[in-house]
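Below: one structure, written as structure tokens.
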Ligand code: FEO
């Protein structure tokens, strides 16, 4: 695909990865692929903002070469060390060995520990600027959004914010802007991205958004390092981030479970029926039939997370554990939780689920549901009533 202009002399020169289905190793499912967005600014000095994942370096170089000889690059701004963005830096530095690298102190440390380049680093911090002639690049450190080295770059004259991973989405497309695509699909991926990557750093997100707001800068466009560029309405994603980071929930519950011989499944469905009987949205997810990252996305605006597992070896089913471990790391805010499950001769699963939900910061409801062997109609009525109670709490 051809280069794309964001503004006069500010180009997208990234790459589209249509086929990636898992990101961060096996940790994050990317059903819609992704893009690695890099930006080139032509001025008296030529500046590249971020690079792309190394296997896509050919696309990066081709896009740059259509605009300018890569050896003419004077500055490389590295907003983030993670290799999906810095992976082509060694190649860029081979082509433009005199280029200066602009990054945070932790960025410098990270780049050296990844590539051992011994390059010409210019360490920047919040408030520092790079003037390249007619354009000014202002830097804003953004530690833990989502790595310690992360920073945002703001191109003042164009009012374009290049915040790297923040505001991104894993979605592959040959269209680059929010006004060219189905924005609901983009928001769905943005929510998944936030829930699976940025959720633990929500307090820092709110602080950073407040800091940027107080700086009073005009933001006409946001060019993240993955997915679509926010051109038509950058406030849409900013407002969504405020909502997600604040832990704002809707009248919605998730009932997540797995089952051995359908007893726990019967309980799960009765709980869902009880919740919806009160007019509250409930979504049912059987873990072995669902994508864990998609469940986590659904959790972002749910008030209640109800988890069920039968007992095996005095504990939960092996495929229930990863979700609970993810929740412990993600630490969702302002949510209530409850456990349920069937057992044969000795329990244990419900206790483990409660412990893990508590460790993830959820408020655990007093009620917990256990059933020996197969639930009776009365026991299913009890599950239904528990669902009603959950809905009332929501
Ligand atoms: Fe933190 Fe897209 O890398």
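The values are calculated or read from the model by the stated rules, or taken from the named source; none is laboratory data. Here the structure is a predicted model, which means the values were calculated and not measured. Here the Cβ positions follow ideal geometry from the backbone for every residue, glycine too, while neighbour counts run over all protein chains shown.
Quick rundown of the values:
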quantity	calculated
Enumeration of residues in the stretch 85-109 that are within 17 Å of residue 38 (Cβ to Cβ), in a loop (DSSP other than H, G, I, E, B) and within 16 Å of the ligand (Cβ to nearest atom)	87, 88
Selection from the stretch 23-46 of residues that are farther than 21 Å from residue 155 by Cα and in a loop (DSSP other than H, G, I, E, B)	24, 25, 26, 27, 30, 31, 32, 33
Positions within the stretch 333-347 being farther than 21 Å from residue 387 by Cα and in contact with a strand residue (DSSP E or B) (Cβ under 9 Å, 6 or more places away or on another chain), in sequence order	344, 345, 347
Within the stretch 47-71, considering residues that are free of Cβ contacts under 8 Å to residues at least 60 places away in the same chain and not in a helix (DSSP H, G or I), the one surrounded by the fewest Cβ atoms within 10 Å (Cβ to Cβ)	69
Only one of 164, 196 that is modelled with pLDDT of 95 or more, closer than 14 Å to residue 80 by Cβ and buried (at least 21 other Cβ atoms within 10 Å of the Cβ)	164
Filter result for residue 114 (under 20 Å from residue 169 (Cα atoms) and not in a strand (DSSP E or B))	no
Complete set of residues in the stretch 23-46 that are at pLDDT 95 or above, surrounded by fewer than 21 Cβ atoms within 10 Å (Cβ to Cβ) and away from the ligand (no atom under 14 Å from the Cβ)	29, 31, 32, 42, 43, 44, 45
Any hit, the stretch 30-42, residues being in contact with a strand residue (DSSP E or B) (Cβ under 7 Å, 6 or more places away or on another chain), free of Cβ contacts under 8 Å to residues at least 40 places away in the same chain, more than 17 Å from residue 171 (Cα to Cα) and in the same structural domain as residue 146 (by TED's automatic domain parsing)	yes
The stretch 67-83, residues that are within 16 Å of the ligand (Cβ to nearest atom) and in contact with a strand residue (DSSP E or B) (Cβ under 6 Å, 6 or more places away or on another chain)	77, 78, 79, 80
Complete set of residues in the stretch 1-22 that are outside any loop (DSSP other than H, G, I, E, B) and within 16 Å of the ligand (Cβ to nearest atom)	12, 15, 16, 17, 22
Strands (runs of 3 or more DSSP E) contained in the stretch 132-243 and holding at least 3 residues closer than 30 Å to residue 72 by Cα and away from the ligand (no atom under 16 Å from the Cβ)	136-141
Boolean, residue 112 is without any contact (Cβ under 8 Å) to a residue 60 or more places away in the chain and within 16 Å of the ligand (Cβ to nearest atom)	no
